[in-house]
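Reading through the structure tokens given below for one structure.
Please treat every number below as a calculation from the coordinates, not as lab data. Fair warning: this is a prediction, and the values are worked out from it, not measured in the lab. All Cβ positions, glycine included, derive from the backbone under ideal geometry; neighbour counts span all protein chains shown.
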Amino acid sequence: MAEIQIKNVAKTFGAYQALHDINLTIADQEFMVLLGASGCGKSTLLRIIAGLETATSGEVWIGGRRIDHLSPKDRGIAMVFQNYAVFPHLTVFENIGFGLRMQKLPNDEVTRRVERTASLMHIDQLLKRYSGELSGGQRQRVAVARALAMEPDVILMDEPLSNLDALLRMEMRAELKGVLAESKTTAIYVTHDQVEAMSMADRISVMHQGRIVQAASPIEVYRNPSAEFVASFIGNPPMNFLRAKPAGAGKWTVAGQLFDGPTADKPELQFAIRPEDMQPAAEGLKATAKVVEPLGAHLLVTCEIDGSLFRAVLDSDMTVRPGEVLTLAPQSNRVRWFDPETTLAVA
Amino acid sequence: MNARILPYVLILPVTLFLCVFFLYPFVLVAKQAFSTGACFTMENFREVTTYWKFPISMRNTLLLAAAVVPIQLALSLLMATMVTRMQKGRDLVLYIWTIPLGISDLAAGLIWLAIFEQSGFLNTMMNGLGVVDKPVNFLSYQHPGVVFLAIALAEIWRATAIMLVILVAGIGLIPKEYYEAAEVFGASPWKRFLRITLPMLRPSLQTALVLRVILAFEIFAVVAALGGTLFPVLMGETYAYQFDLLNSGAAAAMALIILAISIGFTLIILRVLRVPKGASI
């Protein structure tokens, strides 16, 4: 059992507050992704869990044991680094076996575990090579194998795929997800890539300016963003926002159209909808097409509604010309509302 | 100009300079060493190696190098590690530690002479503390151990910094992530030094050791100042052949012997500390 609990963790670097009062519980064997733009504090949080950084305040617990005062080696963790950190002066075999040698395991046990994880990561042919003779993808595999060989309770990954090219990244994404599920370890995975987060995570923690804005399953984060930041950060293209004015109980006017909405007593709300949730209809929002991008699978139309930019993903069979006025209707169960004052979702 | 020949054209001046002022004199010295008149002979080598002082000076030189270089290596590694860990004042400490580099070896020898001689600081201090009744002549034939110690101390004080500078630069080149990875995978600070710093420092260690060992075999002025004729070394003997005995053939032979030893040790160092193909940072 390796449930991770992060309790009130804060971190300051001089006058800069990198993390504000972080609380997060990660279940045993869960794959948790920390997602956010660079500088949001996700790597700092990971390094605090690893023990490479000390929290200014707060506690970290792994498997019911408080570990924030322990040195990294006593925390039951293993880590995969962004630049792999595969030791150049050691062979692939010795790299994978590094942690096991440090634990002074007997030779045959080291060999057994190195060979097992190497074949798991498909690098059993490379055991005698040095990292200078490996490609980026192979080094990545060595770094993952080195972590798995430790048979850790928790595996921490800091943007492990960000230095690979796009095709390799997609391949490794699926492979890594499979291998980690197999190994039954709890995983924390830091990335700025939302596709990686969506495709791999059991749960995503979206971070912004040193805070966790939302921690939920990928589909929940996508469908029901808890704040405007999450809505605009997740999804490519991101969610559309339009101003809504109150028009009686539970009714809101958006670009001259009347919509059912929350019964909140606010002078203004943000009406939000994903680009793919818009359909051409007889009645709806009047949108003037500005840019039309045929992307093959679908048609991305950037248009203007009520003076704001608005993106719609339409069927690729449609023909739309710039300047054309479209009538688009949102799928009503997909409409979300945000309070512009707090930027939080309004139910 | 053609990009393929341009590099060669650019290094031509320095190549010419080296040929005229280093390679040509070297050939002359070699010629001198292998001839007494017009014909080729090993006579000069036979003469210098059979001289009674040759084994002594050879032994002294090697002993000194064997005593001084390992201590300097350990010290410079320790100092470089300490400097690298410093947050503030790192440059200041480095400057202070490297001051001896700016002093000529003879001046360094004279500084230590001022400490060890009969009317020097050490005697004054020991006298003042009542350890000795009258000044002792440390640097005499009665105290060969002290003479050796004084020379070794002066050398360590004078020439550790050259290794330090090279090692500080080398340690700076090792990416921090390797240390973090080693730490996460359970390496203690000492293990990190042994398993990460030392092996990754091999190229710098090579340079530092080769430089230092060659200089150790060329030791002259510090010995001249502190030991005089009490402690003959190879370079001192070479000087004596050239300027006291006016035997330039023998001096040339001695110079070549020192060169051969230097080359031998350089090859050993390069071999022992070589980095396998594909294993560099």
Q) How do the helices (runs of 4 or more DSSP H) wholly within the stretch B:69-166 filter down when requiring 2 or more residues that are under 29 Å from B:Thr229 (Cβ atoms) and not hydrophobic (A, V, I, L, M, F, W, C): which remain? A) B:105-116, B:121-128
Q: Only one of these is among the hydrophobic types (A, V, I, L, M, F, W, C) and over 18 Å from A:Leu134 (Cα atoms): A:Ile123, A:Ile77. Name it.
A: A:Ile77
Q | Unique match (being closer than 22 Å to A:Tyr222 by Cα and touching a residue at least 24 places away in the same chain (Cβ under 8 Å)) among A:Ala272, A:Ala255, A:Ala264 | A | A:Ala272
Q. Which of the residues that make up the stretch B:170-194 are at the interface with chain A (Cβ under 8 Å from one of its Cβ atoms) and not small (Gly, Ala, Ser)?
A. B:Pro175, B:Glu177, B:Tyr178, B:Glu180, B:Glu183, B:Val184, B:Phe185, B:Lys191
Q) Which residues, taken from the stretch A:240-281, are in a loop (DSSP other than H, G, I, E, B), more than 32 Å from the chain's Cα centre (by Cα) and either aliphatic (A, V, I, L, M) or under 11 Å from A:Val335 (Cα atoms) (or both)? A) A:Ala247, A:Ala249, A:Ala255
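Results for (1) farther than 11 Å from A:Ile96 by Cα; (2) of a type outside the set (A, V, I, L, M), shown as yes or no for each residue.
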position	(1), (2)
A:Arg112	yes, yes
A:Arg116	no, yes
A:Leu126	yes, no
A:Gly132	yes, yes
A:Arg146	no, yes
A:Glu151	yes, yes
**Q.** Residue tally, condition small (Gly, Ala, Ser), over 30 Å from A:Pro267 (Cα atoms) and touching a residue at least 24 places away in the same chain (Cβ under 8 Å), over the stretch A:288-342
**A.** 1
(Q) Scan the stretch B:200-223 and tell me whether some residue there is on the phi > 0 side of the Ramachandran plot and within 14 Å of chain A (Cβ to nearest Cβ). (A) no
Q: Would you be able to say whether some residue in the stretch A:321-328 is of a type in the set (Lys, Arg) and either under 32 Å from the mean Cα position of the chain (by Cα) or surrounded by 15 or more Cβ atoms within 10 Å (Cβ to Cβ) (or both)?
A: no
Q: Filter the stretch A:91-107 for residues that are outside any helix (DSSP H, G or I) and facing chain B (nearest Cβ under 7 Å) and give the result.
A: A:Gln103
**Q.** Selection from the stretch A:223-237 of residues that are in contact (Cβ under 8 Å) with a residue 40 or more places away in the chain and under 30 Å from A:Ala27 (Cβ atoms)
**A.** A:Arg223, A:Asn224, A:Pro225, A:Ser226, A:Ala227, A:Glu228, A:Phe229, A:Ala231, A:Phe233, A:Ile234, A:Gly235, A:Asn236
Q | All helices (runs of 4 or more DSSP H) inside the stretch B:204-281 with 2 or more residues being among the aliphatic types (A, V, I, L, M) and either free of Cβ contacts under 8 Å to residues at least 40 places away in the same chain or in contact with a strand residue (DSSP E or B) (Cβ under 9 Å, 6 or more places away or on another chain) (or both) | A | B:248-272
Q) Quick check: anything in the stretch A:176-184 hydroxyl-bearing (Ser, Thr, Tyr) and within 14 Å of chain B (Cβ to nearest Cβ)? A) no
